[in-house]
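The values are calculated or read from the model by the stated rules, or taken from the named source; none is laboratory data. Since the structure is predicted, the reported quantities are computational estimates derived from the model, not experimental observations. Neighbour counts run over all protein chains shown; Cβ positions are idealised from the backbone, glycine included. These area figures cover heavy atoms from the full protein model, side chains too; ligands, DNA and RNA do not enter into them. Shrake-Rupley method; radii C 1.70, N 1.55, O 1.52, S 1.80 Å.
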Amino acid sequence: MGLLFEWDPQKARLNAKTHRISFDEACTAFRDPLSRTIDDPLHSEGDDRFVLIGRFIQGRLLAVVHTERGDGSASSAPGWRQTGRDSGMKRMKTDPDMLEEYDFSGGVRGKYAKSYAEGSNVVVIDPDVAEYFPDHAAVNDALRSLTAIIKRKRKAEQRRSEGRS
């Protein structure tokens, strides 16, 4: 079974503005087989929280603070991303979500990679397209409309080919 990602839409908008990365993009770090995941006891408030550090779709390192909920994982707040050589460490020192005490050396390698590969389907759209599709609901609505058009076209083609036979 694949991973299911959930998040609060308002928190997602705030995160995109603050960290310049969408939760959709952050989810792609879970596919990295070389990622490392550690417990985050300092930020756990009622839920067990974890920190994953891995490469996301743009190929840069990203830390994702998240919780696990039964059969999947819920992205919470990506706290840091590497923007250039050594800039990550500077960012880490000023970001309250990323603590210097985090030690990923004993983390679980690729904890979510297999589950991600088994069924998660995160698509990151380019900025020029994103202007027209502000969230996943808009993308899904457009794709459903396109799917309906394709189905109608296929049925019409099938009827025409049956009529020729």
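Contact map, the range 35-61: first residue at positive phi and at pLDDT 80 or above, second residue surrounded by fewer than 14 Cβ atoms within 10 Å (Cβ to Cβ) and of a type in the set (Phe, Trp, Tyr), Cβ cut-off under 7 Å, separation 6 or more or different chains; the map is empty. Considering the range 87-96, the residues that are among the charged types (D, E, K, R) and open to solvent by 100 Å² or more (accessible area, probe 1.4 Å) include one that is modelled with the lowest pLDDT, namely 90.
Residues of the range 22-36 that are polar (S, T, N, Q) and open to solvent by 10 Å² or more (accessible area, probe 1.4 Å): 22 alone. Residues that are touching a Lys or Arg at 6+ places or on another chain (Cβ under 6 Å), assigned to a loop (DSSP other than H, G, I, E, B) and modelled with pLDDT of 90 or more: does the range 97-115 have at least one? Yes, that holds for at least one residue. Residues satisfying the criterion are present in the range 116-129 (criterion: under 24 Å from residue 65 (Cβ atoms) and part of a helix (DSSP H, G or I)). Quick check: is even one residue across the range 141-149 open to solvent by 40 Å² or more (accessible area, probe 1.4 Å), at pLDDT 75 or above and in contact with a strand residue (DSSP E or B) (Cβ under 8 Å, 6 or more places away or on another chain)? Within the range 141-149, none of the residues are open to solvent by 40 Å² or more (accessible area, probe 1.4 Å), at pLDDT 75 or above and in contact with a strand residue (DSSP E or B) (Cβ under 8 Å, 6 or more places away or on another chain). All but one of (1) open to solvent by 80 Å² or more (accessible area, probe 1.4 Å); (2) farther than 16 Å from residue 26 by Cα; (3) out of contact with any Lys or Arg (no Cβ under 8 Å at 6 or more places or on another chain) hold for residue 156, so report the exception by its number. With (1) open to solvent by 80 Å² or more (accessible area, probe 1.4 Å); (2) farther than 16 Å from residue 26 by Cα; (3) out of contact with any Lys or Arg (no Cβ under 8 Å at 6 or more places or on another chain) applied to residue 156, the lone miss is (1).
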